[in-house]
1. Going by what's in this entry, would T72 be described as in contact with a Phe, Trp or Tyr (Cβ under 9 Å, 6 or more places away or on another chain) and β-branched (V, I, T)?
2. Within the range 75-95, can you find the residues that are closer than 20 Å to T125 by Cβ and either of a type in the set (V, I, T) or over 16 Å from the mean Cα position of the chain (by Cα) (or both)?
3. Being crowded, with 17+ Cβ neighbours inside 10 Å and more than 17 Å from the chain's Cα centre (by Cα) narrows it down to one of I15, I7, I50, I39, so name that one.
4. Condition check: in a helix (DSSP H, G or I), closer than 15 Å to L43 by Cα and in contact (Cβ under 8 Å) with a residue 12 or more places away in the chain. Does S105 satisfy that?
5. What's the total number of residues in the range 53-92 that are in contact (Cβ under 8 Å) with a residue 60 or more places away in the chain and surrounded by fewer than 17 Cβ atoms within 10 Å (Cβ to Cβ)?
6. So, in the range 156-183, of the ones that are part of a helix (DSSP H, G or I) and surrounded by fewer than 14 Cβ atoms within 10 Å (Cβ to Cβ), which residue ends up modelled with the highest pLDDT?
7. Based on this model, can you work out whether A107 counts as within 23 Å of N139 (Cβ to Cβ), small (G, A, S) and either exposed (fewer than 15 other Cβ atoms within 10 Å of the Cβ) or touching a His at 6+ places or on another chain (Cβ under 6 Å) (or both)?
Amino acid sequence: MIVILVIAGLVLLLIVLLVATYNGLVQLRNRIEAAWAQIDVQLKRRFDLIPNLVETVKGYAAHEQGTFEKVTQARNMAMNATGPAEAAQADNVLSGALKSLFAVSEAYPDLKANQNFLNLQEELTATEDKISYARQFYNDTVYKYNTKIQSVPANLIAGPFHFTEREYFEADDDSRGPVKVSF
């Protein structure tokens, strides 16, 4: 009788462990989805600010058409990106184009003093900070998730229930170096 109770207790303990592990994996997977949604929200905000910023600069620097086109193309590419890898690559191109746009603004003192431009620049800078934080949170969550699905005993559950590794939101090699601006 005692042996049966011990075996039943061990089976119950094993079931509780399996359920808790599965629920932990689901929670981390959902946290990754939520973190990606936060990145998406901040990128959307950034995409909405960019046309206003470009239009403001255009009024002062009409002959800088190439820079405006690069920013617009980079924005469109970033808006159409899918998945962390493609979004990261497009985001890096957009960041470089925005740096070029801000470099153009340096050549126009009247523009730098324009309150609308300053407000847009400040709002974009704040958004960039939020994007950076959202990326960091996303990558931290992906790290925890990927580590958990590779660790015992979660890896015994992860495989059969199709919990697969997630991609990090990584900068490409070009965005790690200095920005090249030419006029």
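1. no
2. V93 - this is the single residue of the range 75-95 that is closer than 20 Å to T125 by Cβ and either of a type in the set (V, I, T) or over 16 Å from the mean Cα position of the chain (by Cα) (or both).
3. Answer to the selection: I50.
4. No.
5. The total comes to 2.
6. Restricting to residues being part of a helix (DSSP H, G or I) and surrounded by fewer than 14 Cβ atoms within 10 Å (Cβ to Cβ), the top hit is L156.
7. Answer is no for this residue.
Here's the yes/no breakdown for (1) in contact with a Cys (Cβ under 8 Å, 6 or more places away or on another chain); (2) within 19 Å of L49 (Cα to Cα); (3) at pLDDT 85 or above:
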{"position": "T82", "(1), (2), (3)": "no, no, no"}
{"position": "N92", "(1), (2), (3)": "no, yes, no"}
{"position": "L111", "(1), (2), (3)": "no, yes, no"}
{"position": "T125", "(1), (2), (3)": "no, yes, yes"}
{"position": "D140", "(1), (2), (3)": "no, no, yes"}
{"position": "I149", "(1), (2), (3)": "no, no, yes"}
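The values are calculated or read from the model by the stated rules, or taken from the named source; none is laboratory data. From a predicted model like this one, the values you see are computed outputs, not experimental measurements. Glycine also receives a Cβ, built like all others from the backbone with ideal geometry; neighbour counts cover every protein chain displayed.
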